[in-house]
Amino acid sequence: MPHDVPLIAALAFGFGLALVFGYLAERLKAPALLGYLIAGFLIGPATPGFVADAQLTNQLAEIGVMLLMFGVGMHFSLRDLMAVKNIAVPGAVVQMAVATGMGMLVAHTWGWPVGKALVFGLALSVASTVVLLKALESRNMLNSVNGQIAVGWLVVEDLAMVLVLVLLPPLAGVLKGGVLGSASSIALELGVTLLKVTGFVALMLVVGKRVVPKVLWKIAQTGSRELFTLSVVALAVSLAFLAAKLFGVSFALGAFFAGMVMRESELSHRAAEESLPLRDAFAVLFFVSVGMLFQPQVVVDAPLRVLAVVGIIVLGKSLAAALLVLLFKYPLKSALVIAASLAQIGEFSFILVSLGLYLGLVDQAVQSLVVAGAILSIGLNPLVFSVLSPLHALLLRRFAVFRRLNARGHDTEALPTQTDERFLGQHVVVIGYTALGRQVIRLLEQQGCAVVTVDTSRDLVRKLRDAGKAAVAGELADPSTLVQAHIAKANHLVIATGDMPSLGQIIENAVLLNPAIQVHVQAYSSDEAAALSQMGPVNAYRSEQAIAAMIGRAIY
C-alpha cells in the first residue's frame, strides 16, 4: 500500500482542522470562516509540523470556487444581470478605478515603480465572489435587490479582471520601463480575447440552454440519485474547464455561465439541492488555501503597510462604492450593504499577483501584503456586515442628511397617483416578471383582469409603465413593496420568482396584509407543496409546463 498520499493528507488535515477551528469560532460567536483561515495557516509553510501540498490545495480550492459560482449561476439569470446593469457596470468600473488609484498613490509614497504600483492597486480593487456569496447566503440576501446588485457588481469586476489578465503580458515591458509592443499586436490580442468571451457566452446561451436541460432530464429519468448528482457536478466542472481551455475565460466565470444555463431546466431546484454539500465542502478548502498563503512576518516587518492595505480594502473602496450607490438614488441601506459586500479581496487578487510575479512586475513583498490584506479583510467582513444595522440606525438618528437620503424614494417604488382605479382593487398582484410571470400576466390580461407587477428591477418597471402597465419596484419580501402594490385590496397573489429563501416571508406578509387573498405559487416537490399549503390560503402547483394555464383557470 503506497504511503505517499499528499492529496489524502491535505484533505484530512484541511477538513479536520477546519472542523475543529470552525466549531471553536462559532462557539466564540465568531464566523466559522475565521476558523478555516486559521486551519490553513496551521498547515501552511509558515508553521512547523505538517505542510500541505500548496499546489494540490489550490486546485481543490479552485473546484470550490467553480461549484460555488455554478450555484450562483443557477440563481442569477441573465435577466437579473441586465436588471442591475445600469448601476453594476458603471459602479464596478469607477470603484475599481478609485481603489486602484488609492493603491497606486500609497505605493508611490513607498517608492515603488509604476508597474509594481499598478498591479498592487488592481489587486486591491476586486472583491472575492466566494466571500460575498457566503455572506449573502448566510443572511438570506442573495435574491434581494441589494444582493443582486452586489453579485452583478462582482460579475462585472470579474469580467474586467479577465481583460486585465490578458492585457498585462503585452504591457509588461513598458510597465517595467522597457519598450511598449506594437499597438496593433495589443489591439489584436484584446480583440481575440473579446471574441472568445463573446463566443463562449453566445454558445452557452444559445446551444447550452437547449442541450444541458435535456441532458439533465434524460439522467433524471433513470431514477438514479447518484447519477443525477454526478451529472450536475460533471457539467459544472467540465463546462468550466472547457470555457477556460477553449475560450480563455476563468474557471469561475465559466462555471457561473454553466449554472445560468442549467437554471433553464425544470430540474434546477433539485440540481442546486444535490450539489449543495459538495459546494460547501470545497468552499471550505478555498479559505484553507488562503490561510496557507499567509506569512505572519509581514505584519511584524511592515505593520503600517499592512494597515494601509486593509484601510484601502475595508474603508477606501467601500466608501467609494457607497457614494456611487447613493449617486444612483438608492437608499442608504443599499449603499451600506454594497459597501460591506465589497470590503474584502480574494481569488482574483491572488491570480493577478501570481501573474505579476511571473512577469517580474512585483516581488514576494507585494504578494505578502496582498495576502495579509485578504486574510484580514475576509476575517473582518462578517463583522462589517454585523454593524450595518446599528450603523444605519446611528446615521439616521444623528445626521439629517442621511435621513433625507434614506427618505428619498424612487419613482418606481410606488404606483403613480394617476394609476387607473381598476389596478387599485380587485386586481391580481404578480411578483416576478419571469418567463412564468409573463405567461400568467398575458393570460390574465386576455381575460380583462387588472394586474400589478412587482419586480426588483427599476429599469424593467419603468419599461412596463411606459407600455401602460401597472408595476412597482422593490424588495419582493418587503411589506412596504406589497403595500405599494395595493395587496390589501387584491384578490389574488401570484409568486413567479421560483425557489428563493424569502418565499415564506412573502406569503406571510401578504396574508398578514390581506387575510382573504389567494396565493398561487409553483412548488418543486410534494413536500414543498405540502409545506406551502400550511402557510394559509396557498395554492401550490407542480406542473411547470401548465402552471400558467392552471393559475389562470384558478383565478377565473
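FYI, it's all coordinate maths here, none of it is from the lab. None of the values given here were measured: they were computed from a predicted structure. Neighbour counts are summed over all protein chains in view; Cβ atoms, including those assigned to glycine, are modelled from backbone coordinates with ideal geometry.
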Positive dipole terminus of the chain, leading residue within Ala32, Pro6, Val164 (C-beta point charges): Val164
State the answer as a single residue: which of Thr193, Val151, Asn509 lies farthest towards the positive end of the charge dipole of the chain, with beta carbon charges of +1 for Lys and Arg and -1 for Asp and Glu, about the Cα centre. Asn509
Check the straight Cα-Cα distances from Lys469 and name the lysines below 20 Å, setting aside those fewer than 8 residues away within the same chain. Lys489
How would you order 52-59, 211-218, 128-135, 365-372 from highest to lowest mean count of nearby Cβ atoms within 10 Å? 128-135, 365-372, 52-59, 211-218
Per-residue ³J(HN,Hα) for segment 425-439, Karplus 6.51 cos²θ - 1.76 cosθ + 1.60, θ = phi - 60°, Hz, x for Gly and Pro: x, 6, 10, 10, 9, 10, 9, x, 8, 8, 4, 5, x, 5, 4
Distribution output for segment 423-538: share of Cα-Cα pairs per 5 Å bin in percent, first bin at 0, values 2, 12, 24, 27, 20, 11, 3, 1, 0
Relative to the longest principal axis of the C-alpha atoms of the chain, give the angle of the C-alpha long axis of helix 54-75, reported between 0 and 90° and rounded to the nearest 10°. 20 degrees
Note, ³J(HN,Hα) from phi for segment 145-152, Karplus 6.51, -1.76, 1.60, rounded to Hz, x at Gly and Pro: 4, 5, x, 5, 5, 4, 5, x
Taking placed amide H atoms and a strict 5 Å upper bound, the residues 5 or more places from Val430 or on another chain that come that close are Val452, Thr453, Val454, Val494
Computed over the chain: longest principal axis from alpha-carbon atoms vs helix 6-27 long axis, angle to nearest 10 degrees, is 60 degrees
Between 0 and 90 degrees, rounded to the nearest ten: what's the tilt of helix 85-109 against the longest Cα principal axis of the chain? 20 degrees
Can you compute the modelled spin-label distance between Leu163 and Asn86, with each label point 7 Å from Cα toward Cβ, in nm? 2.2 nm
Translational diffusion coefficient, Stokes-Einstein: compute it for segment 6-398 using the Kirkwood radius over C-alpha pairs as Rh, at 25 °C and 0.890 mPa s, and state it as an integer in µm² s⁻¹. 113 µm²/s
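Multiply the residue gap between Leu246 and Leu276 by 0.36 nm, knock off their C-alpha separation, and tell me the result in nm, one decimal place.
Working: separation 30, 0.36 × 30 = 10.80 nm, distance 2.75 nm.
Here the answer is 8.1 nm.
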Find out how many positive minus negative residues lie around Val366, taking Lys and Arg as positive, Asp and Glu as negative, among other residues whose Cβ is under 15 Å from that of Val366. +1
With x for Gly and Pro, the residue-by-residue ³J(HN,Hα) of segment 399-404, computed from phi through the Karplus equation 6.51 cos²θ - 1.76 cosθ + 1.60 at θ = phi - 60° and given in whole Hz, is 10, 5, 4, 6, 5, 5
Can you list residues whose amide H is under 5 Å from Gln344's amide H, if they're 5+ apart or on another chain and H is modeled 1.01 Å from N? Ser128
